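The values are calculated or read from the model by the stated rules, or taken from the named source; none is laboratory data. Bear in mind that the values here come from a model prediction, so they are computed numbers and not experimental data. Note that we place each Cβ from the backbone using ideal geometry, even for glycine, and neighbour counts take in every protein chain shown. In case anyone asks, the SASA skips ligands and DNA or RNA and just uses the protein heavy atoms, side chains included. Shrake-Rupley method; radii C 1.70, N 1.55, O 1.52, S 1.80 Å.
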Amino acid sequence: MSSFKPFFGFMIIPLVMSVCLLVPSFNLTTIDLLMSFAAYAALAVSWNWVCGLGGLMNMAHIAFYAIGAYSCSIAVAKLGIHPIFGILAGTVITATLAGVISYLSFRLKVTELYFALLTLMAAEGIGALSRGFENEYSLGGIYLPFVNDPGRFAFLDKTYYYYALIGLTGVLLALQLWVQRSKWGLLITASRDSERAASSLGVPVVRILTSVAVASAIPPALVGSIFALSSLFVTVDNVFPFELLLSTIIATVIGGLGTLWGPFIGALAVTLIHEGVRRGVGVTDAVGLTDMVYGATLVLIVVVFPGGLIGIFRQLRNARNRRNAEPALRPEHIHV
Amino acid sequence: MSESPVLVAENLTKRFGGLIAVNDVSLEAIPRQILGIMGQNGAGKTTLFNTFAGIYKADGGRLLMDGEDITTYPAWKRSIAGISRTFQIPLPIWSLSVSENVQVGLIAHGKSKSDAKRIADITLVDLGLEAKMSSLPSDLTPGQLRLLEFARAASLRPKLLLLDEVFAGLSQVEQRSTAAVVRKLKDTGIAIIWIEHNVRLMMELADRIVAMDHGRKIAVGSPLEIARNPDVISVYLGRQKTAGAQI
Ligand SMILES: Nc1ncnc2c1ncn2[C@@H]1O[C@H](COP(=O)(O)OP(=O)(O)OP(=O)(O)O)[C@@H](O)[C@H]1O
Ligand SMILES: [Mg+2]
């Protein structure tokens, strides 16, 4: 049983991802809904790296997504080159930005709330810059050609982009599991929990947490690129929705900050909340019902399942283990 | 004298605003020796450790480790260079198990995961913490938290071990097993600097003692010399007549 456990963790990832990949073929729901679920999942899993594992409230995640969308669409629509160059450029830019922001923050001792504010301002700044460029050079946004050219990642059928997002999410989860079980896992947790204790034990805290921030900045750029390729239209208003940042954070927190499956489950919850509200009040959520439902869910989670939705599974498992274990531990059995 | 010092502190000074917490302190840590540091609350003992370990940057003076100037090294690099320390107020990594708390340092010092686990568990067994290895630090008593501090620092086999009141709050049994480990470490060739309020214990274990008062080093010498030093008696031992009488 115990020798099986380490493999079980890795086995369950392809299993869940396969189920996700099969969903479109049953036509149970629209591809757009699945796409947004998969995007939330990849965004939340990677935000959980920097915030849940690294303890850094990085609000620039959404800007990394936008940078990915822009670099990919500019490569295709403006430069006419293969999107892969745009995608790579996007990841290099976001990784560098994340590295610089976190390194400087450590140097200047910008922590916690200040770090959140700083990164939020960085995101705002990048948003304003993009708007400026858009007004100057590309009024109305960037359009990508609507063609079928699989060699250049152009598919008429959006399902392929959904597959890409699910594949990405699976890779991210496997990576996280591997890192958490490797020796890096301990070094990251130690760095997050106590800079003083960790550094006194020889852990290069700044390097470790900066690496985590850099790693977590790459997936949002990839998700942004996939968004650009699938929606064929990139404008400031659709790649900088504050809602996306909020949903990413909510998904991670209600799912279970710092856990493996929490953000994934949280992404599912957030998608269902969105869809529920959409069906309830129509396409435009003018009254902000989504936010209210978010708020209510958040309160519910904090009160009932402090560890996040993933905590429900834990509690069930613990309850079962207790049930199984109890008979052996009862005093009358010991005396027999 | 015997061996050459591992750590040489030259005229170290550390200020907090107007307060000079460590004032022009020089000392040497020698392998196979326990250097005791005594002084009243607020004398600057912990601050001195923090400037040794790189938690604070010194405002003046130099630190040499095996002849190498480490004054500007960050804390983690000093640890790698061979300085390990315990925190007076235990600073466990709360979300890691007791064993993992010890493993972190070993891994940072280049040990493989399995070696780190093996060494951590041996260290914890030596200190009588085997029953708590997979518990979280929140399950430990204050005394056990101090032992964990000690285990984390000692497991790294440093060249210099800085112990900040590791015996405070330990039971008699724990004091004895810890003292045994300290002696064992000393015999392996480690230099130890040890802050302790328990004068009796210090007289028993230390080879040399530095007495501090208001950030200054006021005396250095063998336990007997310190016990007879008039300055020390007037500022320190004089106020602890019972402890003084037991020497
Ligand atoms: N981070 C800090 N900021 C400001 N003042 C400090 C700081 N750390 C220590 N001090 C002050 O420096 C002086 C020396 O403190 P330190 O903790 O080094 O004393 P100590 O000798 O270890 O005392 P104790 O026996 O109580 O542990 C004290 O007056 C203390 O208030
Ligand atoms: Mg102190």
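Miscellaneous remarks
- Yes/no for B:His197 being within 16 Å of ligand 1 (Cβ to nearest atom), of a type outside the set (Asp, Glu) and at pLDDT 90 or above: no
- Answer from B:Ala116, B:Ala120 - the residue that is more than 16 Å from A:Ser199 (Cα to Cα), free of Cβ contacts under 8 Å to residues at least 60 places away in the same chain, out of contact with any Phe, Trp or Tyr (no Cβ under 9 Å at 6 or more places or on another chain) and facing chain A (nearest Cβ under 8 Å): B:Ala116
- Scan of the range B:9-22 for residues that are assigned to a strand (DSSP E or B) and open to solvent by 30 Å² or more (accessible area, probe 1.4 Å), ordered by number: B:Glu10, B:Asn11, B:Arg15, B:Phe16, B:Leu19, B:Ile20
- Tally, over the range B:149-179, of residues that are within 16 Å of ligand 2 (Cβ to nearest atom), in a helix (DSSP H, G or I) and out of contact with any strand residue (DSSP E or B) (no Cβ under 9 Å at 6 or more places or on another chain): 0
- Selection count, the range B:24-34, where residues are within 16 Å of ligand 2 (Cβ to nearest atom) and either surrounded by fewer than 16 Cβ atoms within 10 Å (Cβ to Cβ) or closer than 15 Å to B:Leu201 by Cβ (or both): 0
- Matching option when the condition is within 16 Å of ligand 2 (Cβ to nearest atom) and open to solvent by 10 Å² or more (accessible area, probe 1.4 Å), among B:Ile89, B:Ile37, B:Ile80: B:Ile89
- Only one entry of B:Gly44, B:Gly105, B:Gly61 meets the criterion of being without any contact (Cβ under 8 Å) to a residue 60 or more places away in the chain and more than 9 Å from every other protein chain (Cβ to nearest Cβ), and that entry is B:Gly61.
- A:Leu173 open to solvent by less than 20 Å² (accessible area, probe 1.4 Å) and away from chain B (no Cβ under 14 Å): yes
- Taking the range B:114-141 as the range and being open to solvent by 40 Å² or more (accessible area, probe 1.4 Å), under 23 Å from B:Ile89 (Cα atoms), part of a helix (DSSP H, G or I) and among the polar types (S, T, N, Q) as the test, only B:Ser138 passes.
- Counting only helices (runs of 4 or more DSSP H) that sit completely within the range A:1-103, those holding 2 or more residues that are among the aromatic types (Phe, Trp, Tyr) and surrounded by fewer than 15 Cβ atoms within 10 Å (Cβ to Cβ) correspond to A:5-22.
- Filter result for the condition that a residue is within 11 Å of ligand 1 (Cβ to nearest atom), at the interface with chain A (Cβ under 9 Å from one of its Cβ atoms) and either charged (D, E, K, R) or under 17 Å from B:Leu163 (Cα atoms) (or both), over B:Ile55, B:Ile37: B:Ile55
- Residue match in the range A:201-219 (condition: hydroxyl-bearing (Ser, Thr, Tyr) and at the interface with another protein chain (Cβ under 7 Å from one of its Cβ atoms)): no
- Top-ranked residue of the range A:176-192 - restricted to ones that are buried (at least 20 other Cβ atoms within 10 Å of the Cβ) and not basic (Lys, Arg), ranked as nearest to A:Trp49 (Cα to Cα): A:Gln176
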